[in-house]
Amino acid sequence: MKNLLKLEELFLFGLALFLFSQLDYGWGWYALLFLTPDLSMIGYMMNPRFGSWTYNLIHHKGLSISLYAFGYLTANPVLMFAGTILFGHSSFDRVLGYGLKHEDAFQNTHLGRIGK
């Protein structure tokens, strides 16, 4: 089942790349900003509960889809760009096995435990 979910996320990552390709931005911007959603891990400096909340908010696909859709409806390419970055990053994270975080520890995710 885990491999099937990873395959699904790989296709969703491909969708994010396709959506980005329809925007008028260079691929260098995508590469440069691809890891910026991981700045949400800074919340773990306060405590695991706050860290999981900030991480999960930024890595939630509902947020990325909402940003993209709102950008599309308002003809705002910056919001569409942000939505594709968040969506692609979250999908790629899940391909690698990094899921949404539980409140007890960063390594405890909805896809299982990270590491040994």
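Only Cα pairs under 8 Å and 6+ residues apart enter the sum, and on that basis the relative contact order of the chain stands at 30 percent. Against the main long axis of the alpha-carbon atoms of the chain, helix 77-95 sits at an angle near 40°. In the chain, the longest principal axis of the Cα atoms and the axis of helix 48-58 are about 20 degrees apart. Label sites at Glu103 and Ile42, each approximated as a point 7 angstrom past Cα along Cα to Cβ, lie 2.4 nm apart. Using the Cβ-Cβ distance between Ala31 and Leu7 with R0 set to 30 Å, the FRET efficiency works out to roughly 0.80. If you work out Cα extents along the principal axes in Å from the coordinates, which of (i) 36, 28, 23; (ii) 41, 33, 24; (iii) 49, 38, 26 do you get? Step by step, Cα extents along the principal axes in Å for this structure corresponds to label (ii).
Just so you know, all these numbers are worked out from the coordinates, no wet-lab data involved. Predicted model only: the values in this text are computed from it and were never measured. In this analysis, Cβ positions are derived from the backbone assuming ideal geometry, glycine residues included, and neighbour counts consider all displayed protein chains.
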